[in-house]
Amino acid sequence: TYLSDLPPAIAAVTVEQLLQHRSGVAAMVLMTPDVVEVRRRARTARELLPLVVGQSPAFAPGTQMQYSNGGYFVLGA
């Protein structure tokens, strides 16, 4: 509804799954130079989405739990 341009694998994730770290969305815990640069330049949460949407989910939503900063990027957007 709110982020109609998300890939289907991420668009299918629920808000509850994002909040519970059960979405499978990229964890984004490694601070590589590229990630640091995108985070430094970002002025809105939506500008962080490219860090997440270019990665395949780690698992099917709701099947596992894994801390995910990327999930909070999606929630913020």
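The values are calculated or read from the model by the stated rules, or taken from the named source; none is laboratory data. Keep in mind it's a predicted model, so treat the numbers as computed, not measured. We place every Cβ from the backbone using ideal geometry, glycine too, and count neighbours over all the protein chains shown. What goes into the accessible areas is simple: the full protein's heavy atoms, side chains included, and nothing from ligands, DNA or RNA. Shrake-Rupley method; radii C 1.70, N 1.55, O 1.52, S 1.80 Å.
Structure notes:
- For segment 1-61: rounded, prolate or oblate by the Cα gyration tensor [a/c cutoff 1.5]: prolate
- When the Cα positions of LEU49, VAL38, LEU75 are compared along the charge dipole of the chain, VAL38 comes out farthest toward the positive end, with charges on each C-beta of Lys, Arg, Asp and Glu.
- Taking the 1.4 Å solvent-accessible surface of the chain as the whole, the part contributed by carbon and sulfur is 56%.
- The chain: relative contact order as a whole-number percent, Cα under 8 Å and 6+ apart: 46 percent
- Estimated at the nearest 10 Å², the accessible area of VAL36 is 70 Å² with a 1.4 Å probe.
- Taking 17 Å as the cut-off, the amide N atoms of segment 7-32 that come nearer than this to a point 7 Å along the Cα-to-beta-carbon line of THR63 belong to 8-14, 17-18, 21-27.
- In the full protein context, the chain carries 64 Å² of accessible surface per residue, based on a 1.4 Å probe and ignoring ligands, DNA and RNA.
- Computed about the Cα centre, the dipole magnitude for the chain is approximately 180 debye when only Lys and Arg (+1) and Asp and Glu (-1) carry charge, each at its Cβ.
- When the residues ARG22, ARG40, ARG46 are ordered by accessible surface, computed with a 1.4 Å probe over the protein chains alone, the sequence from largest down reads ARG40, ARG46, ARG22.
- For the set MET28, MET65, the ranking by accessible area, highest first and with no ligand, DNA or RNA atoms included, is MET65, MET28 under a 1.4 Å probe.
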